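J.: After the structure tokens below, expect a handful of questions from me.
The numbers here are math on the coordinates, done by the rules we state, and not lab data. In this text, all values refer to a predicted model and were calculated from it rather than measured experimentally. Note that each Cβ is placed from the backbone with ideal geometry, even for glycine, and that neighbours are counted across all protein chains shown.
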Amino acid sequence: MDAAEEIRMQQEAELQKQQIKAKLQQFMTREAMERLAFVKAGHPELAEQIEALLIQSANAGQLQGKITEEQIRHLLERVSKTKKTFRILK
């Protein structure tokens, strides 16, 4: 892979991130966007999972009104509970 191709791929990735953010802003309140940004800072994979779920729901016409911060918190709890945790005991 040469430098020009790498730059093009980085630009495409950035454009895709901007498109996702623009789509999310259409159906989320400012507070909900802030909450998701905080989650993304600490747990980027969890935030991406939530974003994908929200976009999928929006595309399917399942969202009614704007998503609030409270709804994002409930969604985070639901998604977090489905993850399995392992504890190693000594």
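J.: What tally of residues in region 23-50 results from selecting those that are surrounded by 15 or more Cβ atoms within 10 Å (Cβ to Cβ), out of contact with any Ser or Thr (no Cβ under 9 Å at 6 or more places or on another chain) and farther than 14 Å from residue 68 by Cα?
T.: Selection size over region 23-50: 5.
J.: Just one of the numbered conditions (1) loosely packed, with under 15 Cβ neighbours inside 10 Å; (2) in contact (Cβ under 8 Å) with a residue 40 or more places away in the chain is not true of residue 67; which one?
T.: It is condition (1) that residue 67 fails.
J.: From the list 34, 45, 69, which one is of a type in the set (Asp, Glu) and touching a helix residue (DSSP H, G or I) at 6+ places or on another chain (Cβ under 7 Å)? Steps first, answer last, please.
T.: Numbers: 34 fails: touching a helix residue (DSSP H, G or I) at 6+ places or on another chain (Cβ under 7 Å); 45 fails: touching a helix residue (DSSP H, G or I) at 6+ places or on another chain (Cβ under 7 Å).
Just a single option satisfies the conditions, and that option is 69.
J.: If I ask for residues that are over 9 Å from the mean Cα position of the chain (by Cα) and farther than 18 Å from residue 80 by Cα, which ones from region 22-40 would you list?
T.: Step one: of region 22-40, the residues over 9 Å from the mean Cα position of the chain (by Cα) are 22-23, 25-35, 38.
Listed by number, the residues that qualify are 22, 23, 25, 26, 27, 28, 29, 30, 31, 33, 34.
J.: Could you list, in sequence order, the residues of region 1-22 that are assigned to a loop (DSSP other than H, G, I, E, B) and either surrounded by 15 or more Cβ atoms within 10 Å (Cβ to Cβ) or among the aliphatic types (A, V, I, L, M) (or both)?
T.: 1
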